Amino acid sequence: QVQFVESGGGLVQPGGSLRISCRASGSLFSFSNMYWYRQAPGKEREWVALITSSTGTAYTDSVKGRFTTSRDNANNTVYLQMNNLKPEDTAVYYCNDGRSASWGQGTQVTVSS
């Protein structure tokens, strides 16, 4: 069973930047598409970004032009670079490979002045 460990969250002012990471266990990482999700207080979990095994990317409309996802297959790690952060980006961020029922603990991102 693949396990995910997210890290790098924190408190940042509006307009600021943050890079969060997710390390996945297992030997199939380089063959896996990886997804970023987030869950804001009182809301359902929503999809944020995708990076395919061939490094194609896709983003939800609200983060296009501000967020960039990348991957390091040698370290089983996927990154989410978040620029020009807005208060509405405040959420717990998670990654998943789209097949696993288990989720990591997530990493909290808070955008506030």
* To do: Mind jotting down a quarter of the surface of the convex hull over the alpha carbons of the range 24-86, in square nanometres, one decimal?
  => 4.9 nm²
* **Portion, in percent, of the accessible area of the range 1-65 that falls on carbon or sulfur, probe 1.4 Å** => 49 percent
* Radius of gyration, Dmax [the range 4-47; alpha carbons; angstrom] -> 13.3, 38
* In the range 1-95, what GluC sites (Glu not before Pro) fall in a loop by DSSP, with at most 14 other Cβ atoms inside 10 Å? -> E44
* To do: Hey, could you get me the Stokes-Einstein D for the chain, Kirkwood radius over alpha-carbon pairs, 25 °C and 0.890 mPa s, rounded to whole µm² s⁻¹?
  => 176 µm²/s
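The values are calculated or read from the model by the stated rules, or taken from the named source; none is laboratory data. On a predicted model such as this, the values are computed, not experimentally measured, just so you know. Cβ: placed from backbone, ideal geometry, glycine included. Neighbour counts: every protein chain shown. These accessible areas exclude ligands, DNA and RNA; they are computed on the full protein's heavy atoms, side chains included. Shrake-Rupley method; radii C 1.70, N 1.55, O 1.52, S 1.80 Å.
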